[in-house]
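Derivation of every value follows stated rules applied to the coordinates shown; laboratory data play no part. From a predicted model like this one, the values you see are computed outputs, not experimental measurements. All Cβ positions, even for glycine, are placed from backbone atoms using ideal geometry, and neighbour counts span all protein chains on display.
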Amino acid sequence: AKHTEGYHQIINELDNLLCQLTGFASFSFQPNAGSQGEYTGLLCIRALHHSQGEAHRNVCLIPSSAHGTNPASAVMAGMKVVVVKCDSDGNIDLDDFREKAELNSDNLAATMVTYPSTHGVFEESIKTICDIVHQHGGQVYMDGANMNAMVGICRPAEIGADVMHLNLHKTFAIPHGGGGPGMGPIGVGEHLIPFLPDHPVVSCNNHGSSPLGTISAAPWGSPLILLISWAYIRLLGTYGQKRSTQVAILNANYMAHRLDPHYPVVYRGANEMVAHECVVNLAPLKESSGVTVEDVAKRLVDYGFHAPTMSWPVPDSLMIEPTESESLAEIDRFCDALIKIRQEIRDIEEGKANQENNLLKNAPHSYH
């Protein structure tokens, strides 16, 4: 219909912009969330194997550090999950990965890998991991949850990914709070384009010649919010996109440096650096003072902060992701709050405050 022409133009432009940023050949905007993007991407991979007469390929290698939706999506797509170990530095154990790829070579369908990893480090062996999977006939699904550390710096398709979802509600400015709506479009290489989803009522511009079917009620997911990501990318331009990524990584490393003397950073990559987020360890505090990560989270409310992700991907930890959006003053205010809370915990450790009746256990406090 004529009244949809403007939307079609913007969706096509966004498709081209995302292809330029990622190196993929085409995008499907039907998935409404990152998890739905995972499911769709894995169905594309299964459809590829079926088309090549290898329907028996159903094994998906997933590292133990993966987002919980990864194994869930794989099982929903009819795959068998084989878990790969991570080493003490938070990286995928390359020897274990190679061994399990060889063991499942005849049936290997895919691997799901997040880059940078959920441990907040850049996997230095990522290209080797992709090569191993391809050598054994599998496809690489890259989880785009951490694309905020890649935009303008590297392109997933050039690393070796065959398919990837992007969380437009994380990396590309669609508001993340309140539970949505979200968008999890998938980008694919040329060989997977034929299997992109279609719609029974409306013909999608970018559906494949052998589509896997429909995975969302609407042909372009939640198209209204695609305008936000389109405008965000256009307004930033090439320089702004790269600069945003650089500042996000800088902010995370600044916070890691400030907090490490008080809350040890669990994982670091090359040169003792983190990616765009860091995981700090609160487990020793539980042993020494009885203070839990939930207590620290509640106490942060008194300082005016919503707590970051708790106890994931490591129990009794905080995973802190400042992004590029916060000012240095706000980052310092957050770090100062955590450092002050550490002193309050120290008072408990030294017996200056009661272990069961203290500022942390009673938080948050009413100011009325």
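Rounded to whole numbers, the Karplus 3J(HN,Hα) couplings from phi for the range 191-201 are 5, 9, 4, x, 9, 4, x, 10, 8, x, 10 Hz, using 6.51 cos²θ - 1.76 cosθ + 1.60 with θ = phi - 60°, and x at Gly and Pro.
Please report, in whole Å³, the volume per residue of the convex hull around the C-alpha atoms of the chain. It would help to have the intermediate numbers written out before the result.
On the way: hull volume 55.6 nm³, N = 368.
That works out to 151 Å³ per residue.
Arranged from fewest to most other beta-carbon atoms within 10 Å of their beta carbon, V75, V280 become V75, V280. Ordering H306, H191, H365, H136 from the fewest to the most neighbouring beta carbons within 10 Å gives H306, H365, H191, H136. Exposure proxy ranking for S311, S88, based on other Cβ atoms within 10 angstrom of each Cβ and starting from the fewest, stands as S88, S311.
For the Cα atoms of the chain, what angle does the longest principal axis make with the long axis of helix 5-22, in degrees from 0 to 90, nearest 10? Between the helix axis and the principal axis of the chain, the angle is about 70 degrees. Under 13 Å from a point 7 Å along the Cα-to-Cβ line of E326: which residues of the range 239-255 have their amide N that close? So the set is 248-255. Put +1 on the Cβ of every Lys and Arg and -1 on every Asp and Glu Cβ in the chain; which of V202, V266, T171 then has its Cα farthest towards the positive end of the dipole? Projecting each Cα onto the dipole axis, the largest value belongs to V202. Cβ under 12 Å from A248's Cβ, A248 left aside: what net charge do those residues give with Lys, Arg +1 and Asp, Glu -1? Once positives and negatives cancel, what remains is -1. The residue list G53, A149, S35 was ranked by how far each Cα lies along the charge dipole of the range 2-221 toward its positive end, using unit charges on Cβ atoms, and S35 comes out on top. Where a ≥ b ≥ c are the square roots of the eigenvalues of the C-alpha gyration tensor, would you call the range 188-241 rounded, which needs a/c under 1.5, or, failing that, prolate if a/b is larger than b/c, or oblate? In terms of gyration-tensor shape, oblate. Does the range 238-349 classify as rounded, prolate or oblate by the C-alpha gyration tensor (a ≥ b ≥ c root eigenvalues; a/c under 1.5 gives rounded; else a/b over b/c gives prolate, otherwise oblate)? It comes out prolate by the Cα gyration axes. Taking the range 318-340 and a reference point 7 angstrom along Cα→Cβ of M310, the backbone N atoms nearer than 19 Å belong to 318-322, 334-335, 337-340.
Based on Cβ point charges of +1 for Lys and Arg and -1 for Asp and Glu, what charge dipole magnitude is obtained for the range 162-304 about its Cα centre, in debye rounded to the nearest 20? Walk me through the intermediate numbers first.
Working: 9 positive and 10 negative charges, 81 e Å.
Using only the charged Cβ atoms, the result is roughly 380 debye.
The angle separating the long axis of helix 293-302 from the principal Cα axis of greatest extent in the chain is about 80 degrees. Summing charges over all other residues whose Cβ lies under 14 Å from the Cβ of K298, with Lys and Arg as +1 and Asp and Glu as -1, gives -2.
In summary, the range 2-221 shows an alpha-carbon radius of gyration equal to 0.97 times the 2.2 N^0.38 Å reference for compact globular proteins.
Let's see if you can work this out: charge +1 on each Lys and Arg Cβ, -1 on each Asp and Glu Cβ, no other charges. What is the dipole magnitude of the range 238-349 about its Cα centre, in debye to the nearest 20? Can you show the working numbers first?
On the way: 11 positive and 17 negative charges, 49 e Å.
I would put it at about 240 debye.
Place a point 7 Å from Cα of A1 in the direction of its Cβ. Which residues in the range 203-234 have their backbone N less than 16 Å from it? The answer is 203-204, 218-220, 223-224.
3J(HN,Hα) along the range 319-329, derived from phi through the Karplus expression 6.51 cos²θ - 1.76 cosθ + 1.60 where θ = phi - 60°, amounts to 9, 10, 10, x, 6, 8, 7, 7, 6, 4, 4 Hz, with x in place of Gly and Pro. Residues in the range 124-137 carry Karplus couplings, in order, of 5, 9, 4, 5, 5, 4, 4, 5, 4, 4, 5, 4, 9, x Hz; the curve used is 6.51 cos²θ - 1.76 cosθ + 1.60 with θ = phi - 60°, and Gly or Pro positions show x. The modelled label-to-label distance for the pair Q355/A72, using points 7 Å beyond Cα in the direction of Cβ, is 3.7 nm. Around the Cα centre of the chain, unit charges on the Cβ atoms of Lys, Arg, Asp and Glu (plus for the first two, minus for the last two) sum to a dipole of about 720 debye. Work out the charge dipole of the chain with +1 on the Cβ of Lys and Arg and -1 on the Cβ of Asp and Glu about the Cα centre, then indicate which of A283, V83, A72 is farthest towards its positive end. In the chain, that residue is A72.
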